[in-house]
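These notes are about the structure you will find just below.
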Amino acid sequence: MDQPEPNPARRASPLIDAGLTLIVFAFFTWVLRDHVPSNDPVNVWVWGAVCASCLTAVFWLGLQMFHAVYRLQRAGRNK
């Protein structure tokens, strides 16, 4: 019977990804608030955060793709 393969992901990896994603979200919100055409501070922060959420989702997808490719290349090198 085949032995199960060890899980290549560490336990800290999702926490690191979540932390990076939150930092990127805060950065994008801070940058994009200057581009919202409004004088109301609430609208500026809300729409900055809405736009930042889309950009943060793209960052998160790219990070997950990087992890997948890196794991696949490491697995191929070890064989």
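The table for this structure:
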| item | result |
| --- | --- |
| Subset of the range 29-79 that is of a type in the set (Lys, Arg) and part of a helix (DSSP H, G or I) - its residue that is surrounded by the fewest Cβ atoms within 10 Å (Cβ to Cβ) | Arg77 |
| Test: Ile16 is surrounded by fewer than 13 Cβ atoms within 10 Å (Cβ to Cβ) and either outside any helix (DSSP H, G or I) or modelled with pLDDT of 95 or more (or both) | no |
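The values are calculated or read from the model by the stated rules, or taken from the named source; none is laboratory data. Just so we're clear, the structure is a prediction, and the values are computed from it rather than from any experiment. A quick note on method: Cβ atoms are made from the backbone with ideal geometry, for glycine too, and the neighbour counts reach across all protein chains shown.
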